[in-house]
Amino acid sequence: MPDGSKLLTINQVATPILTVAALTALCYFAAPILVPIVTAATLTYILWPGVAALKKLKVPHVVAVILIMLLAIVALTAIGMLIYSEALAFSDNVPAYWEQFQQLRIEHAKDLPKILDFLGQDSSSTLLNGIDVTKLSAIPKFFFKGVGTVLSFLGQAILAILLTLFMLFEQPGFRKRIVRSLGSDNVSATTNIVSQISAQIAGYLWVRFVITVGLAIVFSIGLLIGGINYPYVWGPLAALLSLVPYAGAYIGAVPPMIMAYVQHGSILPAVWVFVFFMAVQFVESNIIAPKMFGRQLNINLLAQLISTIYWGWLWGAIGIVLAVPITAALKVVCDHVEALHPIGILLSGDDN
């Protein structure tokens, strides 16, 4: 062993690995409990600025919470019903659109990108012709199919709403109770950790919420002006997919591009849809987001991508949406716990 070198202890290596393994097992098996709690905590952070604004107008805390919750429920229900009705209408028309797409593919084969050429022309046709559109059209109905699924969905939604309501009620004193619960000897460190987690998550979630809603509105209006069918499906879908680092922006543009091609019978409208989506994403990624986020989240891009994959595997769609704020919270904790400090360094966006 060279002079001055130092071997790592087994604890330095094993502790972070065992912590990640234990966290993975806990989040996977306790998902039915943890998902509503994390969802409620996210909604609490998003809705709290509205409650705080009403309190500044001398509205009592309880009244402010109830008003904001009612407003949020009405808004989410109205938007959800609009999107769901359009999704159902689209699902009913999927077989007709697919038939039209197949005809256009044959007629305009030379104009379409030959993405599947590496499989051979015959293989590409066989693959596309082998897709069962009757199964595809059932996808939007899957989450509401069957009494058990509906009851489960409603139960999760009601639980998340109730948890959000009580979290908003208890928010003013909740942080102090967390600090006191971890002992008087750790008040300074605990207060610092809780403050950083709260500030980073609150800032990120609110900015991300505003940007996502803004993208959904811009995409929907653009598609509506362009005459693309079901804009209230493609716009919000693309906005949600933009939460996925790197690939999300491109994946979100694919469904409206296909719809534009099938609807107009020409590839040019699909190209314009792609240009529109990329222009909006460029402005959002390079101008709006950097100015709004600043340095609220000190997490490198690779860690954001891996965390999106990781939490998506654990919790599905809700995991993808909450991946970055959860990772930010974990990073703050790791930065203040000596045994977990290596994880914090791996997640950090600083090179120094």
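Worth pointing out:
- Comparison of S123, S152 shows that the only residue that is at pLDDT below 50 and either among the hydroxyl-bearing types (S, T, Y) or at positive phi (or both) is S123.
- Any pair with Cβ under 6 angstrom, 6 or more apart, that starts in region 264-292 at a residue that is under 18 Å from S242 (Cα atoms) and ends at one that is of a type in the set (V, I, T): V280/V218; M292/V207
- Meets criteria (surrounded by fewer than 19 Cβ atoms within 10 Å (Cβ to Cβ), over 23 Å from Y28 (Cα atoms) and among the aromatic types (F, W, Y)) for Y261: no
- Breaking point among (1) crowded, with 16+ Cβ neighbours inside 10 Å; (2) farther than 19 Å from L154 by Cα; (3) β-branched (V, I, T), for V62: (1)
- When Y232 is tested against (1) under 30 Å from I343 (Cβ atoms); (2) touching a residue at least 60 places away in the same chain (Cβ under 8 Å); (3) aromatic (F, W, Y), exactly one condition is not met: (1).
- The residue that is nearest to the chain's Cα centre (by Cα), counting only those in region 315-345 that are surrounded by fewer than 20 Cβ atoms within 10 Å (Cβ to Cβ), over 28 Å from A238 (Cβ atoms) and not hydrophobic (A, V, I, L, M, F, W, C), is G344.
The values are calculated or read from the model by the stated rules, or taken from the named source; none is laboratory data. Everything numeric here is computed off the predicted structure, so don't read it as measured data. No Cβ is skipped: glycine too gets one built from the backbone with ideal geometry, and neighbour counts run over all protein chains shown.
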